[in-house]
1. With respect to S132, determine if the residue is in contact with a strand residue (DSSP E or B) (Cβ under 7 Å, 6 or more places away or on another chain) and surrounded by fewer than 18 Cβ atoms within 10 Å (Cβ to Cβ).
2. Only one of L130, L122 is in contact with a Cys (Cβ under 9 Å, 6 or more places away or on another chain) and either aromatic (F, W, Y) or touching a residue at least 24 places away in the same chain (Cβ under 8 Å) (or both); which?
3. Evaluate the following for T142: is it within 22 Å of G79 (Cα to Cα), in contact (Cβ under 8 Å) with a residue 60 or more places away in the chain and loosely packed, with under 13 Cβ neighbours inside 10 Å?
4. Looking at I86, I99, I42, I118 in this structure, which one is among the β-branched types (V, I, T) and either at pLDDT below 85 or surrounded by fewer than 12 Cβ atoms within 10 Å (Cβ to Cβ) (or both)?
5. Identify the single condition in (1) within 13 Å of A146 (Cβ to Cβ); (2) outside any strand (DSSP E or B) that G111 does not satisfy, given that it satisfies every other one.
6. Could you look through the range 74-98, keep only residues that are among the β-branched types (V, I, T) and part of a loop (DSSP other than H, G, I, E, B), and pick out the one that is nearest to P121 (Cα to Cα)?
7. Do any residues in the range 45-71 that are at pLDDT below 70 have Cβ atoms under 7 Å from those of residues that are basic (K, R), where the two are at least six apart or on different chains, and which pairs are they?
8. I105: under 15 Å from V154 (Cα atoms), hydrophobic (A, V, I, L, M, F, W, C) and surrounded by 14 or more Cβ atoms within 10 Å (Cβ to Cβ), yes or no?
Amino acid sequence: MNTRWVFSLFFVLVLLLLAAGCTQQPAAPPVTQVPTAVETIIATATPAPVTTTLASLTPGPTQSLPDAWGIDVQVASNGEAVDPQITVTCTGGKGLNVIPQLDVIVTRSDGVVETGSIKKPLYKGSSVSLRSTTKPGYVDRTEVWAYTPQGDKVKIFDAYVPFRTYN
């Protein structure tokens, strides 16, 4: 009687193992990149001088997305002197499934511009971290741009983010 139970239990376990192995998704084949030829263009005319302007540290106006495309972001500095970062985190909204990408631009107080993006699939908690300045009292400008399903860019956040705050 005991051997009958042992064999039937063993048989059930083998069936469960086979069923678990058969339900896994097949592995995606590795993507191979095809090299493309790069055109070289030789300029014969003297190029005009390029005027460079510093990025503006003054925040500008923001726009709002339609309610059906609304997306919420949280922008914060980690306040660490060793590795200062400004983290932009997607915190939800109705537009998680329709907004294809969020672009983040950090203009540091020393004039350096850092860029990053959060690409689809957007989900609650997806984030990007960019370097910030390390000096207390200095603030960095952070802009968050959202792409609409039609391909338009909408600025949804533009504000100063201090390196560290003391409350």
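1. On the way: in contact with a strand residue (DSSP E or B) (Cβ under 7 Å, 6 or more places away or on another chain): yes; surrounded by fewer than 18 Cβ atoms within 10 Å (Cβ to Cβ): no.
It is false that S132 is in contact with a strand residue (DSSP E or B) (Cβ under 7 Å, 6 or more places away or on another chain) and surrounded by fewer than 18 Cβ atoms within 10 Å (Cβ to Cβ).
2. Just one listed residue meets the conditions, L122.
3. no
4. Values: I86 fails: either at pLDDT below 85 or surrounded by fewer than 12 Cβ atoms within 10 Å (Cβ to Cβ) (or both); I99 fails: either at pLDDT below 85 or surrounded by fewer than 12 Cβ atoms within 10 Å (Cβ to Cβ) (or both); I118 fails: either at pLDDT below 85 or surrounded by fewer than 12 Cβ atoms within 10 Å (Cβ to Cβ) (or both).
It is I42.
5. The one condition G111 does not meet is (1).
6. Within the range 74-98, the first condition is being among the β-branched types (V, I, T), and the residues that meet it are 75, 82, 86-89, 91, 98.
Those still in the list that are part of a loop (DSSP other than H, G, I, E, B) too: 82, 98.
Values: V82: 31, V98: 9 Å.
Only one residue tops the list, namely V98.
7. L57/R141
8. yes
The values are calculated or read from the model by the stated rules, or taken from the named source; none is laboratory data. Bear in mind the structure is a predicted one, so any value in this text is a computation, not a measurement. Positions of Cβ are backbone-derived with ideal geometry, glycine not excepted, and every protein chain shown enters the neighbour counts.
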